[in-house]
Every structure is written in C-alpha cells, then in structure tokens.
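In what follows, a structure is listed as structure tokens, so that the remarks can point back to it.
The values are calculated or read from the model by the stated rules, or taken from the named source; none is laboratory data. All figures in this text were calculated on a predicted structure; none of them were measured in a lab. Positions of Cβ are generated from backbone atoms using ideal geometry, with glycine treated the same way; all protein chains shown enter the neighbour counts.
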Amino acid sequence: MIIKRFLFFTAGLLLIFNQIHAQEKPQKDSIAQTDVGDLYKRYFKKHAGPDTLHKKNGSLVLLPTFGYTPSIGFQLGADVLGTRYFGDPATTTLSVFEAYTAVSTKKTALLQLKHNIYLQNNEWNLQGSWEVGKNQVLDHGIGTGHDDPGTFPIKFTYLRLNENIYREIFDHFYAGAGLAFNFYGDIDDEKENPGMSKTFNHFYSIKNGFSPGRYFANGVLVNLQYNTRDQPYRPYKGIYANVIFRVNTKVLGSEQEATQLKTELRKYWSLSHKNPEHVLAYWMWGSYLINGSIPYLELPGTGSDVDQRSGRGYTIYRFKGPSYFYNELEYRFPITKNKLLSGVTFINAQTASNQRKTKLFQYWEPGGGAGLRILFNKHTRSNLCIDYGIGSHGSNGLFLGLNETF
C-alpha cells in the first residue's frame, strides 16, 4: 500500500513539474564568470594564449581533489572530467565521463569510472559506473527513531559494476535495462568477539542466510527515466526522474533472491533570468524491498546514492534498512559578482525500516546546514563544495567534495 501511494504521489509531482517546465523560458547567464583557471592565468600566467578548455565538441579537465567527511577523514585524489557531444548540440545532451581515484587518512581507497553518454538526438543513453575500493563504515544498526545502540566499525573491500542502456520512447522519456554486479569481501567487524555478543552485520547476515564475511548481490535492472536537465554537473533548471526494478538472482551468483523498487527525483527551479545560478533544488531518493533479502552492506541508507553525497550531517550508512527514503531541499546562490564564490543552504530528512517493529515513514531523522562553492571550471560548471551539516543525536561534520551534491 505504501509503494502504491508513493507511485501515485510521484506521478502527480511529475505531471505538475512537467507543466512548470513547459512554461519555463530558456535562461542564459548574462554576467561574465571567473573561475580558478582565470585567476591562475591572471596572476601566474599573464601571457597565456586564448582559452582552449572549452571546445565546440567537448572538453577534458584534470583536477586535483581533496575532501573530508566524518566517515573517511581527509581524502586526496585526482579527477579527470571529460565532456563531448555525440550529435548536434541543439538536439543532443552533453555526454560526460569521469575517472576518479583517491586515498584517505583512514586508509580507504577507491578507483571509480563513470559515464553518461547521449547519442545523436538523444535516441540512446548509456550509463555506467565501475568502482573498486577498500572502505570502512561506522555501523549504528538498522532503522530510524531509536537511541544510538553503539557503533561497530566495519572494514571491507568491494567491487561494484553497473551498466544501463536506455532508448528514448518520446521526448525526454527513456526505457531501458541493465545489469549490476556487487561483491563485498574481507568484511572485518572489528568489535566482534566470538565469546560475546555479535555485531549487527553478524546477526543480520546469519538471520537472512548470508555469510558475515563475504557476499554477492548481482541482479537484473529494468529502468524508466525522464530527464530535462540543462546540464549534468550543475543544473539550473529541469527534471531528472528514474524508476528502477531490480531483481537479484542466484542465477547471476547472488546468495539470496530479492526484488527492489528504487526511485529518484531531482527538480531544479532557476529563480532569476539575469543570474540563473539562483536555484531552488529538490532531491528525493528511495529504495523499497518488495520481497526476499539483500546483504547487510547492500541495505539502502545514508550515502547510498552513486556518489555517496546524501545525508549531509551524518556519516555514511548512519541510517539504513530494508526500505529507505530520503529527501532534501537546497537553495543555491552566487556570492561574488563574478560567480567565483557561491553559497548553499539545505535541509534534509530520512527514514528507514527495520525487520522488526519500525516501519518506513514512521520515524524521521532531520539534517541541515550551509556551504560554500568555489568555481573550478565555468565551462563544465565544476566547483569545489565545502559544507557543514548538523543532524540529530549530536551528529555533525564538515563535508568536502567536487561538484554539487545533486
């Protein structure tokens, strides 16, 4: 019943947002922008030639990156961002590529390759994410609305491969399918003691038929997508909506069968024609277990989105459950006239079920905060994000990252 109501609610929102979008006029920034590259040329390379970063068919940018979250500590890495048009720019969305690698002070490491490719006239859309790494999380158990039962650090290695192909059915609307292969191994519950109580991961895994030390979650995906965003990294206007049915099956190597419904909605309103960076942005992300069971580290929760950016104010996986729902509202605004510095304020709320009495939407965990943006590249709209978030149960932290949270 909850899923049916949610689907009707989402469909209604999409119809309303589509009418709003149809009435929007194209917006173009009428004020010159200055990015970090412009400052470098102005003060350290005064005799540089013309700007060649932005080419007609695309661009390639190498950025050193650094970040910080309470989960992984300080993180240093490199990010290669590529863009290209595979068709007429008037009728074809900009395709983006990204290769990212990083290590952190808490001994985590990752290598991630992502692509979002639109072919001529947007007839086909290819999306993929390949990631391998070593990670750790502070585990607080399952569900929302309860006092902190204590934390159990979990270290693990992982491999995630996700590929999807979409075909445009009509303007901006796509249908597609895909495959997901996720592996978690070397799972180390640091506080586990065979002679005493077990960790949350141990209890859950034994109860649901998984090995506590390693497991696979491989499945088939059926997708529906609607996308009218004007730009993938930092949209000023448009809608992105995605609905995924995922079926984990033993045929592909999963330990247990499971069926999930995953939904995502992002909506952007530009509030000024002169300064389109004044944006009100809304993000809704949910995952609902229909039947079966999924591994502990696959449970949807805080930071379960592809970029692990949701839930500012909390550590990754602070809240999770078999079913999980998250939404966030953010206001983005320029600070300096040349757009080098911008700011954001945001509020969010999340809810999760457990396998006992707690139901989805029964208890909510709020969060909020503010942040600063530094424009790295005005052509790709890439920026450095510095946010401070506050949550419930005394949770708070500094969050650094590249490009907008959503």
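Here are a few things to note about the model shown:
- Filter result for the condition that a residue is buried (at least 21 other Cβ atoms within 10 Å of the Cβ) and either within 13 Å of the chain's Cα centre (by Cα) or under 15 Å from residue 392 (Cα atoms) (or both), over 324, 314: 314
- Restricted to the range 88-105, and to residues there that are part of a loop (DSSP other than H, G, I, E, B) and buried (at least 16 other Cβ atoms within 10 Å of the Cβ), the residue that is farthest from the chain's Cα centre (by Cα) is 92.
- Residue ID - surrounded by the most Cβ atoms within 10 Å (Cβ to Cβ), chosen from residues in the range 68-87 that are farther than 20 Å from residue 385 by Cα and touching a Phe, Trp or Tyr at 6+ places or on another chain (Cβ under 8 Å): 83
- Selection status of residue 374, surrounded by fewer than 20 Cβ atoms within 10 Å (Cβ to Cβ) and either out of contact with any Ser or Thr (no Cβ under 7 Å at 6 or more places or on another chain) or in contact (Cβ under 8 Å) with a residue 24 or more places away in the chain (or both): yes
- Within the range 203-249, tally of residues that are assigned to a strand (DSSP E or B) and of a type in the set (Gly, Ala, Ser): 4
- Residue check, residue 321 in contact with a Pro (Cβ under 8 Å, 6 or more places away or on another chain) and small (Gly, Ala, Ser): yes
- Test result for residue 388, more than 23 Å from residue 230 (Cα to Cα), in contact with a strand residue (DSSP E or B) (Cβ under 9 Å, 6 or more places away or on another chain), among the aromatic types (Phe, Trp, Tyr) and crowded, with 22+ Cβ neighbours inside 10 Å: no
- Looking at 358, 336, just one residue is in contact with a His (Cβ under 8 Å, 6 or more places away or on another chain), of a type in the set (Val, Ile, Thr) and surrounded by fewer than 22 Cβ atoms within 10 Å (Cβ to Cβ), and that residue is 358.
- Complete set of residues in the range 298-318 that are modelled with pLDDT under 95 and among the hydrophobic types (A, V, I, L, M, F, W, C): 306, 316
- Filtering the range 356-377 to residues that are part of a loop (DSSP other than H, G, I, E, B) and either modelled with pLDDT under 85 or of a type in the set (Phe, Trp, Tyr) (or both) leaves 356, 361, 363, 364.
- Any hit, the range 136-145, residues being surrounded by fewer than 16 Cβ atoms within 10 Å (Cβ to Cβ) and in contact with a Gly (Cβ under 8 Å, 6 or more places away or on another chain): no
- The range 222-277, residues that are among the acidic types (Asp, Glu) and either under 17 Å from residue 179 (Cα atoms) or surrounded by fewer than 16 Cβ atoms within 10 Å (Cβ to Cβ) (or both): 255, 257
- Residue in the range 379-399 that is part of a strand (DSSP E or B) and touching an Asp or Glu at 6+ places or on another chain (Cβ under 6 Å) present: yes
- Pairs, first at negative phi in the range 259-281, second assigned to a strand (DSSP E or B) and among the acidic types (Asp, Glu), C-beta under 6 Å, six or more apart: 281/330
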